[in-house]
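Comments concern the structure below.
Bear in mind that the values in this text are calculations on the coordinates, not laboratory data. Predicted model, so just to flag it, every value in this text is computed and none were measured. For neighbour counting, all protein chains shown are included, and Cβ atoms are generated from backbone atoms with ideal geometry for every residue, glycine included.
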Amino acid sequence: MKVFRIVGEIRKPNWKTPFEKEVMAIKPEHAIEKVYTELGSKHRVKRFHIKIERVEEIAPSEVEDPLIRKLLAGEGKIGGQS
């Protein structure tokens, strides 16, 4: 798995907000799909309101998201599972 940083903007008629999201995926296309899915689910944003500006693969040392960093390090299980 690779880590991708997706940078873009949510554009609605009366509202604009930039976003930067890190996701794990095999290919850049999968990472973009994951961002569309997560933003649509969590923020009720339609895909045509999401404008992707940049997709870049990042090194494990550059990861800022603590959950992804933990997954990459292989530290334990998520959610307290054994």
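Quick notes on this structure:
- Pair list, Cβ < 8 Å and 6+ apart or interchain, from region 35-53 residues that are over 12 Å from Val7 (Cα atoms) to residues that are assigned to a helix (DSSP H, G or I) and of a type in the set (Gly, Ala, Ser): Lys46/Gly40; Arg47/Gly40
- Enumerated strands (runs of 3 or more DSSP E) restricted to region 1-62, each holding at least 1 residues that are within 9 Å of the chain's Cα centre (by Cα): 2-12, 15-25
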